[in-house]
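S.K.: My structure is below; once you've seen it, I'll send some questions.
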Amino acid sequence: MSKYVKNLITEELKKRLDGVENALLVNLVGMQVNDSNRLRAALAEKDIHVLVIKNSLAARATAGTSLANAFTGLSGTAALCWGASDIVALAKEVVKLTKEKQFSKFSIVGGVLDGEAFTAEEAVEISKWPTREEQIAILLGQIVGVGSKLSSQLLSGGANLASQIKQRWDSEESEEAEAAPAEA
C-alpha cells in the first residue's frame, strides 16, 4: 500500500473516530460470514459500531487521542468496537454476545477507558458496573429520598397537631351534646 493511500485511510479513520474516547477491541477471526453479519446487526441495533482495521493504520489514526493506548503493543487481529450510551453499556452488550453459542468465535481482546488500556478480563468486570442511566437513577433516588424524608418529617408534626385538635374538638362536641339534653 502506497504512502498516499495510507494517509487517505488514516484521515478517513480520524474522521470516523472523532469524539470516540472509549472502545473495546474484539476478535472476529474464525466467524462465518452469516454469523458476522448477524453479530454486526445485533450490535447496530444497540447503536454500537464495529470497524475491522489494520493495527498499524489504527495506531496512526488514533495517535494523540485517548484511543491510542488500545493499539500499543497489540499483536494479531482486532476490530474496534465503540458506541452505546457509555463504555459500561458497550461492555455489557459485547460480553452478552460473546456468551451466545452462535458467536462462539467472537471474543474481547481488550479496550480503552479514559485513555487507559484494559484487558479482556477487566472488560468483563466493567460490564458488571451500573450503566450511566442506572447511576443517574441511583443518584436521583438518593436525592429524592432525602427530600421525601424531610418533607414527611416536616408534615408529620402538623398532622399530629391537627389530629389532636380534631380529637379535642370531637370530645368537646360530645360533652356539649350530652349536656344539652340534660338542661332541657
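The values are calculated or read from the model by the stated rules, or taken from the named source; none is laboratory data. Not measured: the values here are computed from a predicted model. Note that we place each Cβ from the backbone using ideal geometry, even for glycine, and neighbour counts take in every protein chain shown. With ligands, DNA and RNA removed, areas are computed over all heavy atoms of the protein, side chains included. Shrake-Rupley method; radii C 1.70, N 1.55, O 1.52, S 1.80 Å.
S.K.: Computed FRET efficiency, Cβ-Cβ of Glu21 and Gln142, R0 35 Å: what is it to the nearest 0.05?
M.R.: 0.80
S.K.: Sort 144-151, 51-58, 65-72 by the packing proxy (mean of other Cβ within 10 Å over each peptide's residues), most packed first.
M.R.: Highest-to-lowest ranking by the protection proxy: 65-72, 51-58, 144-151.
S.K.: Carbon and sulfur: what percent of segment 60-184's accessible surface (1.4 Å probe)?
M.R.: With neighbouring chains kept in place, the figure for segment 60-184 is 58 percent.
S.K.: Okay, next question. Rounded to the nearest 10 Å², what accessible area does Trp169 show when all protein chains are kept and the probe is 1.4 Å?
M.R.: Surface open to solvent at Trp169 totals about 150 Å².
S.K.: Still on this structure, please answer the following. Once every DSSP H run of n ≥ 4 in the chain is given -39500 (n - 2.57) and the sum is divided by its residues, what mean residue ellipticity at 222 nm do you get, rounded to the nearest 500 deg cm²/dmol?
M.R.: Here the helix-only value at 222 nm equals -19500 deg cm²/dmol.
S.K.: Net charge near Val109: determine it from the other residues with C-beta under 12 Å of the C-beta of Val109, scoring Lys and Arg +1 and Asp and Glu -1.
M.R.: Once all neighbours under 12 Å are counted, the net charge is -2.
S.K.: When only alpha-carbon atoms are used, what values of Rg and Dmax, in angstrom, describe segment 6-153?
M.R.: My reading of the Cα-based Rg and Dmax gives 18.0, 68 Å.
S.K.: Next question, about the same structure. What accessible surface, in Å², does a 1.4 Å probe find on Met31, ignoring ligands, DNA and RNA and rounding to the nearest 10?
M.R.: Its heavy atoms expose roughly 30 Å² to the probe.
S.K.: Mind checking the full-extension length gain between Ser85 and Ala162? Use 0.36 nm per residue of separation minus the Cα-Cα distance, one decimal, nm.
M.R.: 22.7 nm
S.K.: Report the label-to-label distance for Val5 and Ser107 in nanometres (one decimal), using points 7 Å from each Cα along the Cα→Cβ vector.
M.R.: 3.1
S.K.: Same structure again: So, for the chain, what is the accessible surface per residue at a probe of 1.4 Å, expressed in square angstrom?
M.R.: 65
S.K.: Follow-up question, since we're still on this one. Search the structure for amide H atoms under 5 Å from the amide H of Gly83, placed 1.01 Å from N in the peptide plane, and list their residues when 5 or more places away or on another chain.
M.R.: Here the answer is His49, since their amide H atoms fall under 5 Å of that of Gly83.
S.K.: Same structure again: How big is Rg to Rh over segment 10-55, alpha-carbon atoms, Rh as the Kirkwood inverse-mean-distance radius?
M.R.: The Rg/Rh ratio comes out at 0.99.
S.K.: Once you have the Cα-Cα distance between Glu172 and Leu150, take 0.36 nm times their residue separation minus that, and quote the gain in nm to one decimal.
M.R.: 4.5 nm
S.K.: For segment 20-139: lysine pairs with Cα atoms under 20 Å, gap of 8 or more or different chains, count?
M.R.: Lysine pairs meeting the criterion: 12.
S.K.: Please list 88-101, 34-47 highest first by mean number of surrounding beta-carbon atoms within 10 Å per residue.
M.R.: 88-101, 34-47
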